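Nothing in this text is a laboratory measurement; each read-out follows from the coordinates by a stated rule. Note that the structure is predicted; figures quoted are calculated from it, not measured. A quick note on method: Cβ atoms are made from the backbone with ideal geometry, for glycine too, and the neighbour counts reach across all protein chains shown.
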């Protein structure tokens, strides 16, 4: 089952990308004061680009905790995406889908034989990695409940 509120978010290691460089980091190192963890499919698609631009316009980069994406692409593609949309956010390159799988978020992609990517999900984590808010979508286009996420972040 996907994670729910009150659970402790699983720690994982993956290549962390900042738009220019990448290096192996753990979730616990990135989220030591908390985080907003954003799971998505592949980075270069119109839906993903739209949502990340909305997070930027909503000033999510001003949260007291980092907004961190988890995407199924390699680090070069993730960094290119972050540069392309001039994103203030960082991202984990979950190349093999291990992080998404550990969170039970992998879903088959229609028309892409044997390809699984993370379902869209946003987890608000506190400094102990306790999940304070969990949103998981069963489709690729349902609007993100931004106000709920912003309220959860403000309560950290």
Hey, fewest Cβ within 10 Å first, where do 83, 72 land in order? 83, 72
Prolate/oblate/rounded call for segment 18-156, Cα gyration tensor, a/c under 1.5 rounded: rounded
When the helix-only estimate is applied to the chain (DSSP H runs of n ≥ 4, each -39,500 (n - 2.57), divided by the residue count), what is the mean residue ellipticity at 222 nm, nearest 500 deg cm²/dmol? -7000 deg cm²/dmol
Below 8 Å between Cα atoms, with a sequence gap of 6+, how large is the relative contact order for segment 13-154 in percent? 28 percent
Can you give the convex hull volume per residue for the Cα atoms of segment 1-83, as a whole number of Å³? 114 Å³
Just to be sure I understand: of the beta bridges DSSP finds with both ends in the chain, what percent are antiparallel, rounded to 5? 70 percent
Among 141, 122, 47, 85, rank each residue by its count of other Cβ atoms within 10 Å, from fewest to most, as a rough exposure measure. 141, 47, 85, 122
Label-point separation (nm) for residue 24 and residue 101, each offset 7 Å from Cα along Cα-to-Cβ? 1.8 nm
Using 7 Å Cα-to-Cβ label points, what is the residue 139/residue 54 separation (nm, one decimal)? 1.3 nm
